[in-house]
1. How about the range B:37-76: which of its residues are of a type in the set (D, E, K, R) and buried (at least 24 other Cβ atoms within 10 Å of the Cβ)?
2. Test of understanding: among E:L133, E:L114, E:L107, E:L100, which residue is surrounded by fewer than 24 Cβ atoms within 10 Å (Cβ to Cβ), within 19 Å of E:A269 (Cα to Cα) and either of a type outside the set (A, V, I, L, M, F, W, C) or in contact with a helix residue (DSSP H, G or I) (Cβ under 8 Å, 6 or more places away or on another chain) (or both)?
3. For the range E:363-394, how many residues are under 29 Å from the mean Cα position of the chain (by Cα) and outside any helix (DSSP H, G or I)?
4. Take E:I409 and decide whether it is under 26 Å from E:I497 (Cα atoms) and crowded, with 18+ Cβ neighbours inside 10 Å.
5. Among the residues of the range D:82-91, are any charged (D, E, K, R) and either more than 30 Å from A:G36 (Cα to Cα) or surrounded by 10 or more Cβ atoms within 10 Å (Cβ to Cβ) (or both)?
6. Return yes when A:L78 is at the interface with another protein chain (Cβ under 7 Å from one of its Cβ atoms), closer than 30 Å to C:S111 by Cβ, among the aliphatic types (A, V, I, L, M) and in a helix (DSSP H, G or I) and no when it is not.
7. Can you find a residue in the range E:363-378 that is under 29 Å from E:M327 (Cα atoms) and surrounded by fewer than 23 Cβ atoms within 10 Å (Cβ to Cβ)?
8. Looking only at the range A:59-75, count every residue that is of a type outside the set (A, V, I, L, M) and more than 8 Å from chain B (Cβ to nearest Cβ) and tell me the total.
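The values are calculated or read from the model by the stated rules, or taken from the named source; none is laboratory data. Worth saying up front: this structure is predicted, and the values here are computed from it rather than measured. Positions of Cβ are generated from backbone atoms using ideal geometry, with glycine treated the same way; all protein chains shown enter the neighbour counts.
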Amino acid sequence: MENIADNFPFVASALLLAVAFYIVIFRKNLIKLIMGIAMMASGVNLFIVALGYRTGGNAPIYTDVPPGPMVLSVPQALTLTSIVINVAVLALMLTMVIHTYRNTGDIDSEKSRKLKG
Amino acid sequence: MRRAIGLILLLVLAAFLVSGMLLVHPFGAPYPTDMDDYIIENAQNQTGSNSVVASVVFDYRGLDTLGEATILFTAVTGVLLLLRAQKRKEGGS
Amino acid sequence: MLSKIVRTVANQLVLFILIFGLYVIAHGHLTPGGGFQGGAVVVSGVVMLLVAFSSQDLKKSVRERVLSIMESTGALIFAILGFAGLGTVFFYNFLVGSPIFGRIPPTGPNSGDFWTGGFIPLMNFAVGLKVIAGLSAVVLAIALFARGEEMEE
Amino acid sequence: MSVIGYGYAVWAPLIWIVVLVVIGVMVLVWRNRGQKGYKKGTAQTDIFLSGARVPPEEQRHVKSENIYWGFFESLKELYSGMMKPHTGIVNDYLLWLVGVLAIAILILVVAG
Amino acid sequence: MDFLVTNAPILIVALPLVAAFAIPLISLSRGGDRGRNVFSLAILGLIVFLVAILARDVHAVGIRVYTFGATAAELAIPHGYTVPVRIIFEVDGMSIFMGLVITIVALASLIYSLHFMKGQTGQARFYSLMFLLYAGMMGLAFTGDMFNLFVFLEIASIAGAALAAYRTNRADAVEGGFKYIVISAISALLVLFAIGILYAQYNVLSIAAIAHFMQHTTLDMIALGLLAIALVMKLAGVPLHMWAPDTYTVAPAGTTPMILAASYTSMYALYRVTFTLYGGLINTTTIGWIVIIVGVLSMFIGVMMAVHQTDIKRMMAYHAISQGGYMLLGVGVGLAVITNPAALANYGRDAMNGGIFHIINHVFYKALLFMTAEAIFFRIGTRDTNKMGGLARNMKWTAAFYVIGALAISGIPPFNGFASKLLIYETVLKFSPVLSVIAMFVSLVTLASFTKVFYAAFTGPELPAYKKVKEVPKSMIIGMSILAAFIIFFGIFPGLIVNTIVAPATNALIDQAGYINAVMGAVP
């Protein structure tokens with residue numbers, strides 16, 4: 001149990017992922033589906049950025065930094081990349097939802113469906 | 001029916017993920033840190049940048065950033081392609 | 001289009017947002033921030049204008065052509081900076097030690113010198129240009145499309 | 001590469017090419033032995049169905065959904081079972097993903 | 001020349017990126033359309049040349065390592081240090097094999113698109129996205145770094161989704177594109193999560209370094225599950241295949257082969273993960289059997305769904321799933337016996353040869369088939385086979401190419417499909433006869449379904465609506481004939497192809513130590 005207290009940010013990111021999976025499975029509204037994906041991305045980003053934390057560490061920037069250890073810098077760079085990627089994906093997905101609404105008058109994943117079988 | 005199956009599978013998956021997360025190193029004490037230590041020590045000398053994150057983003061992992069910029073470019077191109085003005089004669093559905 | 005007070009305030013405020021965004025872009029190698037973050041700050045100013053004025057008004061002053069050229073140019077500068085190191089290896093930081101941005105700061109904490117970082121400040125600039133143009137184009141295109149108009153081809 | 005070097009077995013591609021060329025020549029020869037006095041657009045090209053009226057072209061053509069009708073009829077149950085999961089709803093695709101993911105991790109952690 | 005060979009890996013990825021950035025600028029200038037087409041062809045021609053010399057070099061010398069930003073390209077690990085710090089490209093036989101597949105398909109697709117897209121709106125962005133998709137796939141094939149793999153996976157998926165939704169005023173097109181991007185985004189996030197788990201334990205990101213330090217903990221197995229299932233979803237293996245017909249059906253013709261190739265690039269990534277990253281640590285028999293079961297299910301369900309379809313491209317898309325099963329079957333048999341040297345030498349290696357050879361064969365003939373389907377759509381404006389009939393009279397070339405593709409996919413001898421299928425049948429027969437029989441049955445049903453469409457679409461009385469249908473323009477015929485030529489060539493000289501490009505790929509997959517040593521060799 002003390003593990004949970006130790007690793008709380010990691011567990012929180014796993015729970016965020018689980019909640020996001022719940023949303024993408026059970027919510028038929030396409031906008032909500034996209035929100036679920038955004039949430040999943042936040043979970044993964046939280047996980048990666050939490051990996052690099054060192055207790056009492058400073059941000060890894062040498063400009064006027066107080067003495068002490070520095071947190072790992074690679075996870076921060078990875079998170080930065082991943083955030084931009086997710087912005088890009090979300091923009092494209094929202095565009096497609098706008099078009100779906102234009103074409104079918106609905107953003108329910110079941111009612112706006114044309115392809116099946 | 002679908003809901004029940006979905007919930008059960010989701011719970012199984014969540015249990016695996018959460019229990020996996022407990023096996024990660026304790027928060028705040030990452031253990032091997034070879035690559036990051038090297039970068040934190042040498043970033044100033046090798047790239048001349050005070051911000052280690054900037055030197056990772058643009059120098060040590062520059063290709064990732066080129067890829068990231070490319071993804072942004074791709075998405076913008078894609079959005080503008082999909083929202084283009086087009087002849088409405090081809091008809092719906 | 002919102003009321004006159006909002007429009008006037010937005011008109012004045014956008015300048016400060018622009019300056020702050022450019023500051024973040026320019027000091028990416030010294031302080032937290034960089035091309036992406038600074039670009040996003042500038043685009044938030046564009047979004048503010050979009051809310052204060054209408055998208056049609058903005059369409060008159062911002063042409064898609066210009067945004068497209070800016071974006072491609074930013075991306076090309078970035079890629080060409082990568083190619084420029086090809087004498088050694090792709091993405092080799094060839095500006096370290098040269099007169100432009102070539103100084104090397106003292107190891108350990110220091111107060112920060114603007115002319116350091118090799119090609120990192122240039123790349124920040126290129127990425128900033130790209131992000132400003134790209135995200136503005138996306139925001140504008142979606143706003144216009146939602147009103148039933150399209151940007152010119 | 002023992003298997004792919006087929007040598008002179010029945011399925012060696014060169015033999016098949018020779019066979020195809022021979023068949024092609026035979027078809028051409030056969031075609032040349034046909035009626036030479038054939039004229040397009042005259043009654044010679046009309047279809048004759050024992051005096052019954054010839055249906056229009058759309059009805060003469062066998063549509064693709066009618067081909068293999070018996071095959072689908074006899075496998076009706078298989079197909080109704082197989083069509084059920086193919087709903088075309090994106091949420092269902094993701095439900096499959098979650099299910100397979102859960103089972104795969106279970107197998108890998110236990111037996112991997 | 002030496003400079004070119006050394007820098008070929010990055011030039012092959014970076015030149016299409018530069019082309020993609022430059023195409024919008026070129027199109028804006030006067031006479032831009034023509035200039036853009038010439039520019040695209042020139043860049044792609046240059047890349048074909050680079051791929052060719054890189055392939056020669058990799059086959060002759062061995063794995064080529066390229067480190068970004070280091071003082072020398074081969075210097076993967078900094079002096080006096082133990083782990084790689086920078087991003088590495090690592091090109092081995094399997095990577096260059098995928099590179100050849102993707103490049104040839106891209107060349108055919110681009111030539112095909114030149115006329116196909118004439119007069120459409122948004123052409124500049126279309127070509128730009130084509131190059132981005134190409135660059136994403138090539139980067140995915142060449143990269144030796146896990147996070148970089150994720151980035152290129154995303155480039156390929158975003159570009160593919162935007163292209164699939166190209167015909168935005170058709171509801172089904174947008175739906176197909178949307179499904180593709182949702183699936184891709186979620187699988188990419190799972191991949192990223194797994195990368196985070198691996199990074200947490202070993203603090204390195206290079207594939208070779210992770211494989212070197214790998215310890216087979218529970219977390220590693222969770223990461224393997226996340227990676228493998230996410231990639232299986234991207235490559236459309238049953239039961240995660242359902243997005244594939246939706247997306248392949250609606251994508252415009254020049255891009256469908258590219259999206260198809262993107263799926264098989266994900267398959268390459270799956271092989272990279274199972275063989276190279278996890279290699280000797282996992283229980284290969286279990287994993288091999290999982291791969292085999294996924295493969296057999298894909299084969300069977302894919303083909304049975306395909307016979308039933310009336311939409312021509314949808315039928316072909318289901319066949320793509322079914323043929324993907326053959327590849328998984330072949331490689332899965334190899335994986336299952338990889339720890340047993342006698343069985344590996346006896347049939348395991350040949351089974352893997354068959355599975356990998358089938359990738360190149362399948363991409364070629366399926367690309368050709370998609371192109372013929374879209375050629376029909378281009379002329380008559382429908383994909384519904386019920387509304388087609390008698391098209392062979394006016395579209396002779398298209399019909400001929402369709403026949404070549406259909407015979408190749410059904411495994412009829414003088415064409416390439418037969419060569420790889422024979423390898424798979426014979427080797428799988430030694431492993432488990434039942435699987436071989438299923439594979440042959442699937443081929444039979446494949447032939448039946450293609451005969452059905454040929455009968456319905458190309459033969460029969462000439463329907464009045466299509467009396468004026470013309471043959472498609474020349475560039476489309478050239479694009480298709482490139483692929484047809486490759487199909488026939490591969491069919492006639494399969495031994496040559498297997499020896500020159502397929503066997504090195506198989507050896508590269510099996511030889512995990514070689515891949516690791518290329519990067520970690522200097523480490524004590």
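1. Hits for the range B:37-76 are B:D59, B:R61, B:D64, B:E68.
2. E:L100
3. Matching residues across the range E:363-394 total 4.
4. Here the answer is yes, as E:I409 does meet what is asked.
5. Taking every residue of the range D:82-91 in turn, none turns out to be charged (D, E, K, R) and either more than 30 Å from A:G36 (Cα to Cα) or surrounded by 10 or more Cβ atoms within 10 Å (Cβ to Cβ) (or both).
6. Criteria met by A:L78.
7. Checking the range E:363-378: not a single residue is under 29 Å from E:M327 (Cα atoms) and surrounded by fewer than 23 Cβ atoms within 10 Å (Cβ to Cβ).
8. The qualifying residues number 6.
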